[in-house]
Amino acid sequence: MKNEEQKDEYILGIETSCDETAAAVIKNGTEIVANVVSSQIESHQRFGGVVPEIASRHHVEQITIVLEETMKQSGLTMDSIDAIAVTEGPGLVGALLIGVNAAKAMAFAHQKPLIGVHHIAGHIYANQLVAELKFPLLALVVSGGHTELIYMKEHGSFEVIGETRDDAVGEAYDKVARTLQLPYPGGPHIDRLAMEGQPTIKLPRAWLEEDSYDFSFSGLKSAVINTLHNAKQKGEEISPADLAASFQESVIEVLVGKTLKAMEHYKVDQVLLAGGVAANKGLRSALQTAVDNVGKELVIPPLSLCTDNAAMIAAAGSVLYRKGKRSGMNLNGNPGLDIEKPFN
């Protein structure tokens, strides 16, 4: 990505959109030099979900510690950092503000360029840390708050061709897990339980309109809850493992089916899987098999880069830095940031 005469580029990334306080340094857009994540899962588990006020307080407590540890691990000084990239949105506004203000303070103190990054763009660019992106490509984004199919014709260009109309995949997993009395976050527990069962319970698939790449999981979630309640009223026992397997099969069938359909329509040779639910073993395996069967390439980040982290933000920031994109000191947390809008 650079000529031998050019010096190495180092981007410091900061991510605080939800319940992870993270910082990272990325070299030349593709190589992780340091990557530190402080998770808050234990603090939120007892509530069955993320409590925004608690998340913000934890970020305040952790951001300086995480940044200092990141720079220590990198072995670099701020003099070597070319730019500071930070999650601008979407996310919890209070949480976003902690990262944005930390980034602005560092950019001002050290006179470094500041770059606001879209959180989902970060998830997509986590794939650049494991493979070269080949355009045009298709990204399937699956997380707690997002389920989207995004077409990219070049770096920094995002066209949302399909999105969820109600619950995102991660939300559906959490709600089904709660019904099955599994801990938060529900995704990993449902995934593990599904491996122990058989998809013997008939559940709906929401394909929507014939030409639509949109998703809907609210009806599926309700069907799982109703199946459990009806069985309980009849005094019947339902295998939690079989119900988890049936739920996961329905989710995966729709995700993979719509991805394959979009691949054919948009004539792409590379597909990226991105977001927290990309850690789901069932989805990873099914999508890999499906993409292999049509002779295309699937790129999936390692588990450590599927959940929220700052390495992905720095990787996306590197692309924007090379495009000459900069944010001003008026940068603010933007929980409704649109990925399709041109970067400022």
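The values are calculated or read from the model by the stated rules, or taken from the named source; none is laboratory data. If you're wondering where the values come from, they're calculated on a predicted model, not measured in any experiment. Neighbour counts run over all protein chains shown; Cβ positions are idealised from the backbone, glycine included. Note: areas computed on protein heavy atoms with side chains; ligands, DNA, RNA excluded. Shrake-Rupley method; radii C 1.70, N 1.55, O 1.52, S 1.80 Å.
Numbers below:
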item: The listed residue being acidic (Asp, Glu), in a helix (DSSP H, G or I) and out of contact with any Gly (no Cβ under 9 Å at 6 or more places or on another chain), out of GLU69, GLU53; result: GLU69
item: Residue in the range 162-180 that is aromatic (Phe, Trp, Tyr) and either over 18 Å from PHE215 (Cα atoms) or open to solvent by 20 Å² or more (accessible area, probe 1.4 Å) (or both) present; result: no
item: Hey, LEU138 of a type outside the set (Lys, Arg), modelled with pLDDT of 95 or more, open to solvent by less than 10 Å² (accessible area, probe 1.4 Å) and under 26 Å from ALA168 (Cα atoms) or not; result: yes
item: Condition check for LEU133: more than 14 Å from the chain's Cα centre (by Cα) and buried (at least 21 other Cβ atoms within 10 Å of the Cβ); result: no
item: Filtered residues of the range 57-93 (kept if in contact (Cβ under 8 Å) with a residue 60 or more places away in the chain, under 16 Å from GLY333 (Cβ atoms) and open to solvent by 20 Å² or more (accessible area, probe 1.4 Å)); result: GLU88, GLY91, LEU92, VAL93
item: Of residues in the range 258-275 being in contact with a helix residue (DSSP H, G or I) (Cβ under 9 Å, 6 or more places away or on another chain) and open to solvent by 30 Å² or more (accessible area, probe 1.4 Å), the one nearest to GLY197 (Cα to Cα); result: LEU260
item: Residue pairs meeting the criteria (Cβ under 7 Å; at least 6 apart or on separate chains; first within 24 Å of PRO188 (Cβ to Cβ) and in a strand (DSSP E or B), in the range 125-153; second polar (S, T, N, Q) and open to solvent by 10 Å² or more (accessible area, probe 1.4 Å)); result: THR147/THR164
item: When residues of the range 108-121 are limited to those that are closer than 20 Å to GLY328 by Cα and in a helix (DSSP H, G or I), the one most open to solvent (accessible area, probe 1.4 Å); result: PHE108
item: Considering residues of the range 141-161 that are aliphatic (A, V, I, L, M) and open to solvent by 20 Å² or more (accessible area, probe 1.4 Å) only, the residue nearest to the chain's Cα centre (by Cα); result: VAL160
item: Near pairs, Cβ below 9 angstrom, 6+ apart or cross-chain, from the range 33-56 (without any contact (Cβ under 8 Å) to a residue 24 or more places away in the chain) to any residue that is assigned to a strand (DSSP E or B) and surrounded by fewer than 18 Cβ atoms within 10 Å (Cβ to Cβ); result: none
item: Among residues of the range 303-335, those that are in a loop (DSSP other than H, G, I, E, B) and modelled with pLDDT under 95, counted; result: 1
item: Some residue of the range 279-298 being surrounded by fewer than 24 Cβ atoms within 10 Å (Cβ to Cβ), under 24 Å from VAL33 (Cβ atoms) and in contact with a Ser or Thr (Cβ under 9 Å, 6 or more places away or on another chain); result: yes
item: Tally of residues being charged (D, E, K, R) and in a loop (DSSP other than H, G, I, E, B) across the range 154-164; result: 1
item: Test: residue in the range 70-92 that is within 17 Å of the chain's Cα centre (by Cα) and over 24 Å from TYR321 (Cα atoms); result: yes
item: Residue, nearest to LEU320 (Cα to Cα), within the range 20-49, restricted to residues that are at pLDDT 90 or above and out of contact with any strand residue (DSSP E or B) (no Cβ under 7 Å at 6 or more places or on another chain); result: GLY29
item: Every pair of residues 6+ apart whose Cβ atoms lie under 6 Å, when the first sits in the range 1-22 and is surrounded by 11 or more Cβ atoms within 10 Å (Cβ to Cβ) while the second is at pLDDT below 95 and part of a strand (DSSP E or B); result: GLU20/SER39
